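Enquirer: Here you go, one structure.
The values are calculated or read from the model by the stated rules, or taken from the named source; none is laboratory data. This is a predicted model, so every value here is computed, not measured. Cβ placement follows ideal geometry from the backbone for every residue including glycine, while neighbour counts extend to all protein chains displayed. In case anyone asks, the SASA skips ligands and DNA or RNA and just uses the protein heavy atoms, side chains included. Shrake-Rupley method; radii C 1.70, N 1.55, O 1.52, S 1.80 Å.
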Amino acid sequence: MTDPHAGTRTSLLGVILGLCVGALIGGTITYLGVVDTAAELRLRSGGDIVEADVLDTRVMTSRKIGASYEVQYAFTLPGGAETYTLSDGTGREGLWTALPEDDWNAARAARKVAVRYLPEDPWVSRPVNAGAAPLGDPIAGLVLGLLILVPCLLLLVRVLRRRPPEPHATRE
């Protein structure tokens, strides 16, 4: 005879798996938001300055903000062999960053740009004249991650605490 609760267990397993995946996604987004926010706040409170090589320049235009003058840079620390570029919390490297037009023109002509970096983590850096990076994006990521993570965890706890249905006596 077949188990009358097999479908219920299968759908319950699907719900649990879905909530675990949602919690994993929400937790990852939250983690990246925290990492990027913390890195930006540490960079705002200090860091060392180094002269970086300008690898490439470009002008991006959009209807909303107009022209954006961007550079890619790389630097090595005195006595070091590793080359650092602009990176983010996801591990992407060699990212583009915007500069004021006058600073972009100077960086383009000299093929150099002054960069502030964290001595304990040189992957956290930005051009000195770029100003502070906005905290809106990493904070939005943190909030979005929490909006996914918290409900998934609460529902997962609720589903796991629910008692399974009582087995019914079956006639043969």
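Enquirer: Helix 6-44 versus the longest principal axis of the chain: what angle, 0 to 90°, nearest 10, using Cα atoms?
Expert: Once rounded, the angle reads 20 degrees.
Enquirer: Per residue of segment 120-125, in order, report the coupling 6.51 cos²θ - 1.76 cosθ + 1.60 (Karplus, θ = phi - 60°) as ³J(HN,Hα) in whole Hz, putting x for Gly and Pro.
Expert: Computed from phi, the couplings for segment 120-125 are 7, 8, x, 5, 8, 7 Hz.
Enquirer: Here's something else I'd like to know. Calculate, for residue 154 and residue 38, the FRET efficiency according to 1/(1 + (r/R0)^6) with r their C-beta to C-beta distance and R0 22 Å; round to the nearest 0.05. Spell out each step's value before the answer.
Expert: Values: r = 26 Å, r/R0 = 1.17.
Once the sixth-power term is evaluated, E becomes 0.30.
Enquirer: Follow-up. Specify the residue with the greatest mean-square fluctuation among 125, 87, 11, computed from a Gaussian network of the chain linking alpha-carbon atoms under 10 Å apart.
Expert: In the Gaussian network model the winner is 11.
Enquirer: I need the phi-derived Karplus couplings for segment 70-81: 6.51 cos²θ - 1.76 cosθ + 1.60, θ = phi - 60°, integer Hz, Gly and Pro marked x.
Expert: 10, 9, 10, 9, 8, 8, 10, 8, x, x, x, 10
Enquirer: Further, regarding this structure: Going by amide H atoms built from the backbone, whose H comes under 5 Å of the H on residue 52, apart from near neighbours?
Expert: 113, 114, 115
Enquirer: Assuming 0.36 nm per residue, please report the length gained on full extension of the stretch residue 59 to residue 11 beyond their Cα-Cα distance. Please report the intermediate quantities before stating the final value.
Expert: On the way: separation 48, 0.36 × 48 = 17.28 nm, distance 5.24 nm.
Contour length minus Cα-Cα distance gives 12.0 nm.
Enquirer: Show me, for segment 102-117, the HN-Hα J-couplings you get by feeding each phi into the Karplus relation (A = 6.51, B = -1.76, C = 1.60, θ = phi - 60°), rounded to Hz, glycine and proline as x.
Expert: These are the phi-based 3J(HN,Hα) values: 4, 5, 5, 4, 5, 5, 5, 6, 7, 6, 9, 8, 6, 10, 9, 9 Hz.
Enquirer: Now for a different question. Probe of 1.4 angstrom, ligands and nucleic acids ignored: what's the accessible area per residue over the chain, in square angstrom? Write out the running numbers ahead of the final one.
Expert: Working: 11390 Å² over 172 residues.
Heavy-atom accessible area per residue stands at 66 Å².
Enquirer: So how much accessible area does residue 28 have, in Å² to the nearest 10, using a 1.4 Å probe?
Expert: Rounded to the nearest 10, that gives 70 Å².
Enquirer: Ok, one more. Stokes-Einstein at 25 °C, 0.890 mPa s, Kirkwood radius from Cα pairs: D for the chain in µm² s⁻¹? Could the numbers behind the result be given before it?
Expert: Numbers: Rh = 19.7 Å.
Estimated via Stokes-Einstein, D reaches 124 µm²/s.
Enquirer: Could you pull out every residue, at least 5 positions away or on a different chain, whose amide H is within less than 5 Å of the one on residue 73? Hs are placed 1.01 Å off N in the peptide plane, and Pro or chain starts have none.
Expert: Residues meeting the amide H criterion: 55, 86.
Enquirer: Report in % the part of the accessible area of the chain that belongs to carbon and sulfur, leaving out ligands and nucleic acids; probe 1.4 Å. Display every interim value, and only then the final one.
Expert: Numbers: 6800 of 11390 Å².
It is 60 percent, rounded to a whole number.
Enquirer: Given a cut-off of under 8 Å on Cα pairs at least six residues apart, what relative contact order in percent is computed for segment 11-106?
Expert: Numbers: 93 pairs, mean separation 19.1, N = 96.
Relative contact order comes out at 20 percent.
Enquirer: Name the trypsin sites (Lys or Arg not before Pro) in segment 1-105 that are in a loop by DSSP and that have at most 14 other C-beta atoms within 10 Å, would you?
Expert: Details: sites: 9, 42, 44, 58, 63, 64, 92; in loops: 63, 64, 92.
Passing sites in segment 1-105 are 63, 64, 92.
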